[in-house]
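Undergrad: Before anything else, here's the structure in question.
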Amino acid sequence: MADVQAHKPHRASKKSKEKGASKHTGEKNPKAFAFSNPGKLARQAARSHDIKEKRLHVPAVDRLPDEPPPRLVAIVGPPGVGKTTLLKSFIRRYAKETIQDPVGPITVVTSKKQRLTFIECANELEAMVDIAKVADIVLLMIDGNFGFEMETMEFLNVLAATGMPGNVFGILTHLDLFRKPQALKEAKKRLKHRLWSELYQGAHLFYLSGVLNGRYPDREIHNLSRFLSVMKNPRPLVWRNSHPYTIIDNYRDVTHPTQIEEDEKCDRTIELSGYLRGTNFSAEGQRVHIAGLGDFTIKEMEQLPDPCPTPAMEQALAKASGKTGRRRLDEKDKKLWAPMADRSGLKITGDHIVITRENGFTFDKDAVGIERGEGEQLIIDLQNERRLLGQTDEGVKLFASGQKINQLPVEDEDVGNTGRKSRRTARLADGESGEPPEDEGFESGEEDEMEDGSDVESEFNEMKLGKMFRKQTDDDQEEDIAFADSDSDLGSISGDEDQGSDFDDDEDDEEDPELKWKDNIMERASQIHGRRKPFRAVDLARYMYDESMAPTEAIKKWAGQDDEEEIEENIEEDDETFFRRTGKEDKEDSWEDRMIPKFDYEQLEAKWSDKDAVEALRNKFATANLLDDAEGEGEDGSDFEGLDDEDDDDEGDGAFEDLETGEKHGADDEDEEEEEEEGEEQPAESLEAEREKNARRKEELKLRFEEEDREGFKNDKAIARREGGNDDEFGEDDWYDAQKAMIQKQLDINKAEYENLDESQRIAVEGYKAGKYARMVIEGVPAEFVKNFKPRMPIVVGGLSATEDRFGFVQVRIKKHRWHKKILKTGDPLIFSLGWRRFQSLPIYSISDSRTRNRMLKYTPEHMHCFGTFYGPLCAPNTGFTCFQSFSSANPGFRIAATGTVLSVDESTEIVKKLKLTGTPYKIFKNTAFIKDMFNSALEIAKFEGASIKTVSGIRGQIKRALAKPDGHFRATFEDKILLSDIVFLRAWYPIKPHRFYNPATNLVGWQSMRLTGEVRRDQNIATPLDKNSQYRKIERETRRFNPLRVPRALAAELPFKSQIIQTKKQKKETYMQKRAVVVRGEEKKARDLMQKLTTIRKEVVEKRKAKKAEQHEKYKKSLEEAEERIKSKEKREKKAYWEREGKKRGPSGDQGGGGKRRR
């Protein structure tokens, strides 16, 4: 084998090939994360985008205050479903108390910063509508053994129309009535899916199994309460976020008793209290609407201490003092506020208090071991002997760190207890100079009265007082004196023990121990509080509107210059010079304080008669030549030479400086005026120096602007985005975050500005904030409200804006509810629930006719929207509303008639109605005819000249002119000749105006709604009138015969060939078919007669046979019915016997369970 065999080279090993590829590159393997199903990929991508889009919404201003009001939890459901039991269970869970009759709003503290207000919704449609507008959390009670009822579905639809809150939960009760677990499981599943179809997929549904000791099981209530406490605040509704409102939890009648004695039905003055919600209430003149009562103006409003505060403030105080804050609520902090409910035997109802006790009262105050309720303890305390405030058997203790006083140190017994006999006067302050504080009173008395006035000496003895209030003997007695309503107004100094070493020990030993705290009170108050800071915005606002001060005096006080000056007054001549102006005041009153300044009119006339001065003044306005200014003309201020004759203090000469170009116009500096007077002109700067100066100025402005706008919302890019110049620069979520940041920044600015004001000024500017507990006094309330007051009916007070206080025509988009049985008719009264109001009006329904006009509809469409127009209070567009025909519960059907939204508000409307006018011709001249019976006067015809008319046969025409006689007749032309029997009609559009009818639904004082015509006739037993022309009757029309068309021979000869009239001449000879007549004769006639007879006999036999067969079938059918009836009676007897036998085995084990309500 000489030849060497050539072998194929080996392939490279797989290890070496994959060694480099096995390294991890950090990227996802596309094959590992690929979708095998393209449809699944599309669904997952759509779902991720849906989740991302749900997070985005129009940024809204967060008006929730730092101390929010309690969240309102509404318990809604039909009667007998367990609402009161659930409310008792919640109160027991949160407050550890048992309330027998829980009515009205009940507020409880649930955590350190959260409170809940529970309210049970009454089984009345008015209460459901009001609760739906204010509820934050809705607990929907459903009888699990019965299912959904009409009240539940009505409330859900009212919620959907007025604004669905974010937290609506279902609660199933009466589940202990189910005997089989499988039936209970199926009922839960069925009701859960039914609730989901009404609310949303995944709505929470809780289950309450049974009742133990009058309450639901503690574990189930605990789980429900835990769920309520961890819920987040949902996105606020637009209506609540733009209106102030409150739900009243306490009311009193504060009418003067003499007015009630004179007239029991006089208008009352009531006082309503509750937590403020929504936006801020105006401090003065706030217009409100009380649902079910009407519109009112709040006479007086006052912020009250919170009756049910959270422990957050106590924790903040403990943290500031260095103490350890609590981590949980103690039993004493679980507070409850239920003024309308029967709590511990005490119940506040209107203007009186009811105290009840089952076992009677024990009025012995010294009895030991007797448990007393809150009301009984109040009676026992009132029975004690009359004592002073804070007085006990051990003595009176004014301060926590002071001593107890057993008796007053009286030196002269005759003067000791005589009481005050004269007006309260000022007490002299030792060593005081300057004016008193601005917020304190000021009064100057006469020395003669202080020295020899016996009444003053009888009021108090000088030796009893500390040296602070003793009468001075120095020369400075004529100085001003400090006056305060009480000793504590001069400054609280309790607890300052370090400053006591500065007192004179000798004088302290001589004085009584009770009056030591008054020594050097002004000095220590000044050390504590210090001197008032000058240039405070708070003080400036108060000085500006103080009419007792001159402007110069206000400026001095604001700048703090009043402390350096002393105002001397001659007390002896006080009565003579009280209303007289002195020379000093005239000097201080400068010309700027005058409403009309003083001018030299001759000098003004000479000045403004100069044309150069007038031209210079014109250049200051929009008519100036901007091109010349841009080129540099007028930079030296030469155009304003005629205006520089005024003084330096003239602020109205329009002088200004352009910061962009550095150009000065109308400069009023003294140096420039002197130079202009001397005729010297400043040398013009070079162009480069001017550019450098402008560049430095722009850089300085830019740095200052960036310092003010650190967030970057006012830079060039942000401004371009807001103007729509460059929308693509935003990322996917940048715009949304930027808008929220801008809103938050504005809120911070507002908050910082309001914090600079004191409480009174802040309330005047900002109003009463939400979250505060306030009372409001309302006048002019009907007496029936106090007489018919029901604590179970909620009282909602909603604030009105300026627009909502006006009335006009409201245009809405409305749709009849699919569950309402009857369609709605135009002009029938309908009850609207729009905004805070409930009122009755007469709507007119219309539809857009080819977008040219709104055509009136007599009835609402069946399954589509239409337009509605009614007279009522104006409301913002896109506000939802609901409509009812009646609030009465006697109506067994669905009571919500329609729902819709507001489109626009306007004082005028344009709705037209189709109108057909008919007439008949009485003279015809070819294509012209005279028409009668269509109009009544020539004026009406003149309005319709040129209008198109038409006959019933379809011949069109036009109205020309009115005839002179008779009145109402007119001449018309048609496109063809009409007949005397034709009817001519005119189709026109007639404008319709809605009735200005507004009837507020005042159900709290008794209300009668407007009834339909049929209801009035039924109540009055009046027969329905029958119009003869409106009745249907059979129409008989005679057959009309028209003459044949006759065409003249000359015209027929000129017709073209296709249009020639072809007439067949009558044939004179008979045709073959006319000649050939068939006559039956002989045998054929007999055969036909026989066949006819046989057929008749056969038909009669068949009829007899059929009748006999039907008779037999009836007998058979009757026997089957009897057999079936016997079988049913047998089954009934067996079933009755079975249940009699089995019912004894399955008898009830106890008295519990069952709703006990009557089923409809």
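Undergrad: Once a ≥ b ≥ c are taken as the square roots of the eigenvalues of the Cα gyration tensor of the range 175-299, is the result rounded (a/c under 1.5), prolate (a/b larger than b/c) or oblate (a/b not larger than b/c)? Each step should come with its number before you reach the end.
TA: Numbers: a/c = 3.08, a/b = 2.02, b/c = 1.53.
Note, shape of the range 175-299 comes out prolate.
Undergrad: With every protein chain left in place and a probe of 1.4 Å, what is the accessible surface of Met1010, to the nearest 10 Å²?
TA: Number for this one is 80 Å².
Undergrad: Here is a follow-up. Which whole-number percent gives the relative contact order of the range 71-236, counting Cα pairs below 8 Å spaced six or more residues apart?
TA: 25
Undergrad: So how do Cys266, Cys308 rank on accessible area, 1.4 Å probe, biggest first, that is with the largest at the start?
TA: Cys266, Cys308
Undergrad: Same structure again: Express the carbon and sulfur contribution to the solvent-accessible surface of the range 913-992 as a percent, rounded to the nearest whole number, probe 1.4 angstrom.
TA: Details: 2610 of 5010 Å².
C and S atoms contribute 52 percent here.
Undergrad: How much of the accessible area of the range 1024-1142, in percent, comes from carbon and sulfur atoms when a 1.4 Å probe is used?
TA: Values: 7430 of 13950 Å².
Using a 1.4 Å probe with all protein chains present, the range 1024-1142 comes out at 53 percent carbon and sulfur.
Undergrad: Carbon and sulfur atoms: what percent of the 1.4 Å accessible area of the range 71-236 do they account for?
TA: 50
Undergrad: Hey, another quick one. What accessible area per residue, rounded to a whole number of Å², is obtained for the range 71-236 using a probe radius of 1.4 Å?
TA: 39
Undergrad: When ligands, DNA and RNA are left out and all protein chains stay put, how many square angstrom of accessible area per residue does the range 927-1020 have with a 1.4 Å probe?
TA: That works out to 63 Å² for each residue.
Undergrad: Additional query: Which of Lys977/Lys1068; Lys96/Lys192; Lys133/Lys816; Lys932/Lys1028; Lys113/Lys769 have a Cα-Cα distance over 28 Å? Write down the numbers at each step before the final one.
TA: Numbers: Lys977/Lys1068 40 Å; Lys96/Lys192 32 Å; Lys133/Lys816 21 Å; Lys932/Lys1028 24 Å; Lys113/Lys769 17 Å.
Over 28 Å Cα-Cα: Lys977/Lys1068; Lys96/Lys192.
Undergrad: What is the distance, in nm, between label points placed 7 Å from the Cα along the Cα-to-Cβ direction at Asp263 and at Arg179?
TA: Label at Asp263, label at Arg179, 6.7 nm between them.
Undergrad: Given a 1.4 Å probe and the protein chains all in place, what does the accessible area of Glu120 round to, in Å² to the nearest 10?
TA: For Glu120, solvent-accessible area is about 30 Å².
Undergrad: To the nearest 10 square angstrom, how much accessible area does Glu1100 have with a 1.4 angstrom probe?
TA: Surface open to solvent at Glu1100 totals about 100 Å².
The values are calculated or read from the model by the stated rules, or taken from the named source; none is laboratory data. Keep in mind it's a predicted model, so treat the numbers as computed, not measured. A quick note on method: Cβ atoms are made from the backbone with ideal geometry, for glycine too, and the neighbour counts reach across all protein chains shown. To get the accessible areas, we keep the full protein, side chains included, count just its heavy atoms, and leave off ligands, DNA and RNA. Shrake-Rupley method; radii C 1.70, N 1.55, O 1.52, S 1.80 Å.
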